[in-house]
Structures are given as C-alpha cells and as structure tokens.
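K.L.:
The structure's right below; bear with me while I get my questions together.
Rule-based calculations on the coordinates, nothing more; no lab input. Because the structure is a prediction, the values reported are computed rather than measured. Cβ placement follows ideal geometry from the backbone for every residue including glycine, while neighbour counts extend to all protein chains displayed.
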Amino acid sequence: MNKLERIDFPLKQQPNGDYLWLNLFRINSGNSGPHVHIQANVHGAELQGNLVIHELMDFFINNPFKGSITFIPFANPSAVNQKSGMYTQGRYNPVSGKNWNRNYFELLKNKDSEFNLKDFVTQNISHNEAQISENFKSVLFNICDNLEKKTAERGLQNEDGHFNLLLQKVASTADIVLDLHTGPVATRYIYTTDHQLKSALNFQFPHYLIIPPEFDGAMDEASFMPWVSLSEEFKNQGRELKNNFESYTIELGSEERISFKEANLDSKRILNYLLSKNVHDLKIEELPKTSIKTCLLKDYKSYYAPRGGLYEFCFAPGEAFKKGDVLAKSLNFKPVKGNESFSKAVEEVYAVEDGIVINHSTSASLAGGHPLYQVMENIQ
Ligand SMILES: [Zn+2]
C-alpha cells in the first residue's frame, strides 16, 4: 500500500478572519518515474473531476507505480462555494469578473520572470534529456516563486492571479498536468495540441479538440507553453530536443452533477493514458470500444440564440446532426399581435453544416445572443 499524504495551503483569508484552504494530496511510489499533477473543480460548478480524483487515489494507493502524483480536488474553494440560490455560479471570479481558468501566468514571458531562455539553452545544450528536464523544472519553480514574491510586495492580489500562480507553482515540477473540468450540458472531450494528439488518443475519449500551441491564460496552455518554447529554442541552437511534457484540459460531461459510475470509467480512461506514459504497468480492463472524433479549434463552432426566448435543445451532447436539421426550437410571444402572427411565436434554428453537439447551454431561458450550442464540424 502506498502512503497518501495531505498538505494544506492557506489560500485566502476571509474578511472575518477564517481561511479558505487548498488541500493537496500526494502519493509517492518510492520508484523513479514521472511526476503527475491532477487538479479538479477550478470552475465551481464542474464537479465530476473530484470523483475521478477519488477513484485515481484509490488506484494509486493500492497498486505499484512509478514516480509520484499530486492530486488537488476542490482546487478552487472560492468558486465551488459560490452559490446563487441552488445554482453554483463559479465560472467567473465574482469580484474581478474574470474567468478562473484564464488567469494563469505566461511564465517565460512575464516581465517579472527575469529569465533568459536563450542563456538557459546555451548553458544546457550538451546535457542529457533528464538533466535538462530537471534543470528546467527548477527554473519554472523559481519563476513561480519569484512572481509570487513580486506580486505580494504590495499585498496578495487574491482576486487576480495569486490562486492561479499557487496552482502553477505546485504543478511546475510535473511531467504531466491534467486539469479536470466539465462543459455546461456536455459530452466528454479533451483539448489537446497537435504535438500531443498521438499520446492523447490513449485516453480513449470520444471527442478531441485540437488547439494551437499558444497561450490564452488556461492551465493546460500555461503548463505546456514553456516546454514548447524550450524545444523551439533548442532547435534554434541546433539540437532536436524531444518534448516529453504533456498537459490537457479534460472535460468530464456536464456541470452541477456527479456520477460515481461514470467516474469509474473516466478514471480507467485516465489510467489507460498513464499506462502509456509508464506511470504504471497494469493493463486497464473493460474500456469500452470508442469511436474517436477529432476537429481543429477553428472548426469548433458556437451557435447563439437568434432571439430571446425559451429554447428546446433538439440534439443531446454527443449526437451527430446534418446540415438543415432543426437544432433548437424557441418560444417567444412578442411577435404575436393577433391571429395572423400567432405562428411567429415558435421559431426553429437550423444547422449550417453537418456536425456533432459537444455541449449546450444549461438553461432553456436565453436572451438573444446567449450561447446555444458548441459543435464540432469538419470532423476527422
Ligand atoms: Zn471549466
């Protein structure tokens, strides 16, 4: 049996003096191997990842493996506790208005990082891969540490980045970072870059969105971008360095719900991926045969409500539709002036191209311009 340890970080002191805590769990195998960082619930309503972490903890407590794993369930206590009636808001920081998953730091490019990648590569050009990786992880950890000190000079900016930087600092020594989210009402899908796609297929997820290797403030991008830049700079200086680092945003169905049964399958898919990364060597049984669909981010299209009203969603997440199909029907009485215009109360929304529904809005009650669906088109 492997030992599970808990480390508590005071995250934020509330006005009444009480603290919100980040509870971080670690399991060390005692064998050398990759370090894996898995966090869940950065968006408050996206709950399923906490169950998946529980399943994975159970596996890694009870089975031999290589390396070490950090788990952070309930990674954002501010967000998960942010209820409005019975609904969990939790996607945006209510104080700053910012999306909790767009506040991470671009570590190598931040003006306070005081780090020169060219110099680092010149100093490491003849080291072996393992040595370079260890040196670079130390650099990333130190950058986070310096940024933390710098941003705290005039008091902790708790509403804008301190929380994200803490997660980044914990993840800075990892070889694999998995950020567990959900969509609104959604199927299961993964964001991956092209350079990670072959490896990502080992998750055996039904849907993959291929994003460009760019920084837009999310945890997966904040984690993989330094390693992408590192390989590029090695190439500039004449050496091909294989980039073994991987990070993903994993979308586990719908928000505001959990399923222990689905968490068991979710965890098997993650374990199948971790098997391919040599974190463990136990064959994962009972993985269902999955037909895998991929599309580029540019073909991940949003439909918006063409008018305010109540909307019925005619296709469920994961379902395929054809160009011209009725995707949604809306009800709005404003166009009805009498008998002749009564039929205008109901309108239909038609599909512009063939596609697959990835997610749709949680609410049937939408203002004009609210998001209706997100769909994959030009599917491979
Ligand atoms: Zn999310």
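K.L.:
Of all GluC sites (Glu not before Pro) in the stretch 56-135, which ones are in loop regions per DSSP and have a Cβ with at most 13 other Cβ atoms within 10 Å? Intermediate results must be reported in sequence, preceding the final value.
P.N.:
On the way: sites: Glu106, Glu114, Glu129, Glu134; in loops: Glu106, Glu114.
Those satisfying the criteria are Glu114.
K.L.:
Let me ask something else. Once you've got the GNM for the chain with C-alpha springs shorter than 10 Å, pick whichever of Cys144, Cys295, Cys314 has the biggest mean-square fluctuation.
P.N.:
Highest fluctuation among the options: Cys314.
K.L.:
Scanning the chain for helices, which whole DSSP H stretches are 18 Å or more long along the axis (Cα) and average 0.0 or more by Kyte-Doolittle? Mind dumping the intermediate values first?
P.N.:
Details: long enough: 48-62 (22 Å, 0.48); 129-152 (34 Å, -0.40); 219-236 (26 Å, -0.39); 260-276 (24 Å, -0.29).
Qualifying helices: 48-62.
K.L.:
Provide the percentage of antiparallel DSSP beta bridges, counting only those with both residues in the chain; round to the nearest 5.
P.N.:
So the antiparallel bridges in the chain amount to around 65 percent.
K.L.:
Ok, one more. Under 13 Å from the 7 Å Cα→Cβ point of Ile125, by amide nitrogen: which residues of the stretch 233-252?
P.N.:
Residues passing the 13 Å test: 233-240.
K.L.:
Under a Cβ-Cβ cut-off of 14 Å, what is the net charge of the residues other than Ala45 that fall near it, where Lys and Arg count +1 and Asp and Glu count -1? The partial results should precede the final answer.
P.N.:
Values: positive: Lys83, Arg91, Arg257; negative: Glu46, Glu251, Glu255, Glu256.
Summing Lys and Arg as +1 and Asp and Glu as -1 gives -1.
K.L.:
Sticking with this structure for a sec: Pulled fully out, how much extra length does the chain show between Lys298 and His195, if you take 0.36 nm times their separation in residues and subtract their Cα-Cα distance? Before the final figure, lay out each step's value.
P.N.:
Working: separation 103, 0.36 × 103 = 37.08 nm, distance 1.68 nm.
Once the chain is fully extended between Lys298 and His195, it gains 35.4 nm.
K.L.:
Net charge near Met225: determine it from the other residues with C-beta under 9 Å of the C-beta of Met225, scoring Lys and Arg +1 and Asp and Glu -1.
P.N.:
Every neighbour counted, the sum reads -2.
K.L.:
Here's a follow-up. Within the set of other residues whose C-beta is less than 15 Å from the C-beta of Ser341, count the net charge using Lys and Arg as +1 and Asp and Glu as -1.
P.N.:
Numbers: positive: Arg307, Lys334, Lys337, Lys344; negative: Glu340, Glu347.
My count for the surroundings of Ser341 gives +2.
K.L.:
On to the next question. Could you work out which residue, out of Tyr273, Tyr104, Tyr87, moves most in a Gaussian network model of the chain, that is, has the largest mean-square fluctuation with Cα springs under 10 Å?
P.N.:
Judging by the Gaussian network model, the answer is Tyr87.
K.L.:
For a quick check: with amide H placed at 1.01 Å from N, whose amide H comes under 5 Å from Lys293's, ignoring anything fewer than 5 positions away on the same chain?
P.N.:
Amide H to amide H, under 5 Å and 5 or more residues apart or across chains, Lys293 pairs with His207, Tyr208.
K.L.:
OK, next. May I ask you to compute the full-extension gain from Asn23 to Lys242, defined as 0.36 nm times their residue separation minus their alpha-carbon distance, rounded to one decimal in nm?
P.N.:
Values: separation 219, 0.36 × 219 = 78.84 nm, distance 3.37 nm.
Computed gain between Asn23 and Lys242 is 75.5 nm.
K.L.:
Can you tell me the relative contact order of the chain? Whole percent, Cα pairs under 8 Å, sequence separation 6 or more.
P.N.:
That works out to 16 percent.
K.L.:
If the only charges are +1 at each Lys and Arg Cβ and -1 at each Asp and Glu Cβ, what is the size of the charge dipole of the chain around the Cα centre, to the nearest 20 debye?
P.N.:
Values: 39 positive and 46 negative charges, 68 e Å.
Dipole about the Cα centre, nearest 20: 320 debye.
K.L.:
Most mobile of Ile284, Ile53, Ile69 per a Gaussian network model of the chain (Cα springs, under 10 Å)?
P.N.:
Ile284
K.L.:
Leaving out same-chain residues fewer than 8 places away, which lysines sit with a Cα under 19 Å from that of Lys66?
P.N.:
Partners within reach: Lys3, Lys137, Lys268, Lys277, Lys283.
K.L.:
Within the stretch 129-196, list the trypsin sites (Lys or Arg not before Pro) lying in a DSSP loop whose Cβ has at most 10 other Cβ atoms in a 10 Å radius.
P.N.:
Values: sites: Lys137, Lys149, Lys150, Arg154, Lys169, Arg188; in loops: Arg154.
Loop-located and lightly packed - Arg154.
K.L.:
Computed FRET efficiency, Cβ-Cβ of Glu153 and Lys111, R0 22 Å: what is it to the nearest 0.05?
P.N.:
Details: r = 14 Å, r/R0 = 0.65.
So the FRET efficiency works out to roughly 0.95.
K.L.:
Then there's this: Could you work out the percent of alpha carbon pairs in the stretch 4-291 separated by over 28 Å, rounded to a whole number? The partial results should precede the final answer.
P.N.:
Numbers: 14846 of 41328 pairs.
Here the long-distance tail beyond 28 Å is 36 percent of all Cα pairs in the stretch 4-291.
K.L.:
Next question, about the same structure. Where in the stretch 1-92 are there trypsin sites (Lys or Arg not before Pro) that are in a DSSP coil and have at most 10 other Cβ atoms within 10 angstrom of their Cβ? Could you put the intermediate results ahead of the total?
P.N.:
Details: sites: Lys3, Arg6, Lys12, Arg26, Lys66, Lys83, Arg91; in loops: Lys3, Lys66, Arg91.
Sites meeting the loop and neighbour criteria: Lys3.
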